[in-house]
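*Asks:* The following block contains the structure, expressed as structure tokens.
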Amino acid sequence: MPIALFTDFGSADIYVGQVKAVLAAESPAVPVIDLLNDAPAFDVEAAAHLLAALAPEFPAGTVFLAVVDPGVGTSRGAIVIEADGRSFVGPDNGLLSVLYQRARDARCHAIVWKPQRLTSSFHGRDLFAPVAARLAAGTLPEEWLAPKATPDVLLDPGPLFRVIYVDHYGNCATGIPAERMDRRARLALAGREVCYARVFGEAEPGEPFWYENSSGLVEIAIAGESAARALGIGVGTPLSPAAPGSPGSR
């Protein structure tokens, strides 16, 4: 089964390549998938909700190397989460806590192994990558992990009413599972109110709308243009249900 990378290391920087070099050395036969290396930088909460939405698309047995770690080098812990047949390796800073709490079956382990080289600023390469590689290859020594009751940091696993990711089209994914939204509801953000449309082709031209994206999240969009640019919004922009009786986006 593959290793899936989910990081904020950046697709154009040197860090992903360095991580992949470790994975290739430790588990050369295991395929590596770049799920996302441009996760919201430093934003653990946004990344936690995004990872929780994306992970179910992967088959059981997948090992996720997940690193959004502004506290690298501090006393924050390092963990492995087993959740619904998939494994997640990363920092104990809340990044893995949303999927952990939403899982039907989940277990937590502390990483107690320490590599000979552990730089203070790159645990993704030095600590998490070797653990993920050996876990995926089935060669992880038992003594590298110790049972842990729960992660130290548990973020609220409920809907997150803010933008958590902007794609290159300018569509703005939120941390709200669409299954929890009434299709008649309007959302208020950036001084506007937006209504639901099922697909882009059913939206009013030039009008922002919300829809259920392919990962099951509420997403803000405008057909044929960038909602982020048109509305002046981005990762972190808050939104809320519109008050009953308000006039809508027009």
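The values are calculated or read from the model by the stated rules, or taken from the named source; none is laboratory data. Just so you know, these numbers come straight off a predicted model, no measurement behind them. Cβ sites come from the backbone with ideal geometry, for glycine too, and all protein chains shown count toward neighbours.
*Asks:* State all residues of segment 54-77 that are surrounded by 22 or more Cβ atoms within 10 Å (Cβ to Cβ) and among the aliphatic types (A, V, I, L, M); if no residue qualifies, say none.
*Replies:* Within segment 54-77, 55, 63, 65, 66, 67, 68 qualify.
*Asks:* Go through segment 137-164 and count every residue that is within 20 Å of the chain's Cα centre (by Cα) and hydrophobic (A, V, I, L, M, F, W, C).
*Replies:* The total comes to 7.
*Asks:* May I pose another question? State the number of residues belonging to segment 174-231 that are closer than 12 Å to residue 163 by Cβ and of a type in the set (D, E, K, R).
*Replies:* 1
*Asks:* Which strands (runs of 3 or more DSSP E) sit wholly inside segment 77-174 and have at least 2 residues that are among the β-branched types (Val, Ile, Thr) and within 26 Å of residue 32 (Cβ to Cβ)?
*Replies:* Correct list: 77-83, 160-166.
*Asks:* Still on this structure: Select from segment 4-25 the residues that are among the acidic types (Asp, Glu), buried (at least 18 other Cβ atoms within 10 Å of the Cβ) and either free of Cβ contacts under 8 Å to residues at least 40 places away in the same chain or over 22 Å from residue 57 (Cα atoms) (or both) and list them in ascending order.
*Replies:* none
*Asks:* Inspect segment 65-76 for any residue being within 14 Å of the chain's Cα centre (by Cα) and polar (S, T, N, Q) and give the result as yes or no.
*Replies:* Looking for residues that are within 14 Å of the chain's Cα centre (by Cα) and polar (S, T, N, Q), one finds none in segment 65-76, hence no.
*Asks:* How many residues does segment 182-238 hold that are of a type in the set (Lys, Arg) and in contact (Cβ under 8 Å) with a residue 24 or more places away in the chain?
*Replies:* The qualifying residues number 3.
*Asks:* Go through segment 118-145 and give me each residue that's of a type in the set (Phe, Trp, Tyr) and surrounded by 20 or more Cβ atoms within 10 Å (Cβ to Cβ).
*Replies:* Of everything in segment 118-145, those that are of a type in the set (Phe, Trp, Tyr) and surrounded by 20 or more Cβ atoms within 10 Å (Cβ to Cβ) turn out to be 122, 128.
*Asks:* Still on this structure, please answer the following. Residue 248: surrounded by 11 or more Cβ atoms within 10 Å (Cβ to Cβ), in contact with an Asp or Glu (Cβ under 8 Å, 6 or more places away or on another chain), at pLDDT below 95 and not assigned by TED's automatic domain parsing to the domain that holds residue 38, yes or no?
*Replies:* In short, yes.
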